[in-house]
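Worksheet: one structure, shown below.
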């Protein structure tokens with residue numbers, strides 16, 4: 001199993017993953033890309049240039065998308081207006097981070113520049129948020145895993161979530 005990320009001499013980070021871990025990471029990131037569709041802008045050329053949405057953006061019905069793109073305001077009208085100006089570019093940024101992760105997680109040894117490491121950090125967070133939402137993860141996740149039987153069909157997903165949390169923690173520490 002991976003020992004997580006470590007600092008590199010050039011300000012970046014390195015990590016070693018076994019083939020199964022690379023496969024899991026790539027699969028989860030590909031699922032994230034399948035969930036986070038590209039941002040859609042309005043028909044107006046200025047709106048497209050500025051990444052402004054069509055104005056019909058509401059909080060997504062899918063709980064994962066609602067978690068990845070939460071409302072910035074309690075007031076629905078204000079939240080919709082804010083979403084109109086930000087969601088398309090946020091979607092594109094999340095997709096770019098995920099693609100960076102896919103592009104750099106193609107072998108056991110991962111060497112990341114500081115910029116790539118930042119993209120990994122954001123994408124790992126998005127993957128954790130998506131998986132955690134689907135699993136309905138609570139603050140007591142470690143207690144739940146400790147009490148869960150390995151025969152429980154949810155066990156692999158909870159252990160994977162915990163592993164992603166560990167990876168993100170080691171990445172943050174390596175960049176610190």
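A few comments on the model shown:
- Qualifying residue in the range 129-141 (condition: without any contact (Cβ under 8 Å) to a residue 40 or more places away in the chain, over 18 Å from the mean Cα position of the chain (by Cα), assigned to a helix (DSSP H, G or I) and over 20 Å from residue 27 (Cα atoms)): yes
- Any hit, the range 3-14, residues being farther than 19 Å from residue 122 by Cβ, surrounded by 14 or more Cβ atoms within 10 Å (Cβ to Cβ), more than 20 Å from the chain's Cα centre (by Cα) and modelled with pLDDT under 90: no
- Close pairs from the range 26-47: first on the phi > 0 side of the Ramachandran plot and at pLDDT below 95, partner surrounded by fewer than 14 Cβ atoms within 10 Å (Cβ to Cβ) and not in a helix (DSSP H, G or I), Cβ under 9 Å, at least 6 apart: none
- Residues in the range 146-163 that are in a helix (DSSP H, G or I) and surrounded by 11 or more Cβ atoms within 10 Å (Cβ to Cβ): 9 in all.
- Failed criterion for residue 89 (all others in (1) within 23 Å of residue 36 (Cβ to Cβ); (2) buried (at least 16 other Cβ atoms within 10 Å of the Cβ) hold): (2)
- Whenever a residue of the range 164-176 is farther than 20 Å from residue 28 by Cβ, its partners that are surrounded by fewer than 17 Cβ atoms within 10 Å (Cβ to Cβ), lying with C-beta atoms within less than 8 angstrom and at least six residues away or across chains, give the pairs 174/6; 174/7; 175/7; 175/114; 175/118.
- Complete set of residues in the range 95-119 that are farther than 13 Å from residue 22 by Cβ, buried (at least 20 other Cβ atoms within 10 Å of the Cβ) and in contact (Cβ under 8 Å) with a residue 24 or more places away in the chain: 97, 98, 112, 117
The values are calculated or read from the model by the stated rules, or taken from the named source; none is laboratory data. All figures in this text were calculated on a predicted structure; none of them were measured in a lab. Please note: Cβ atoms are built from the backbone with ideal geometry, for glycine as well, and neighbour counts cover all protein chains shown.
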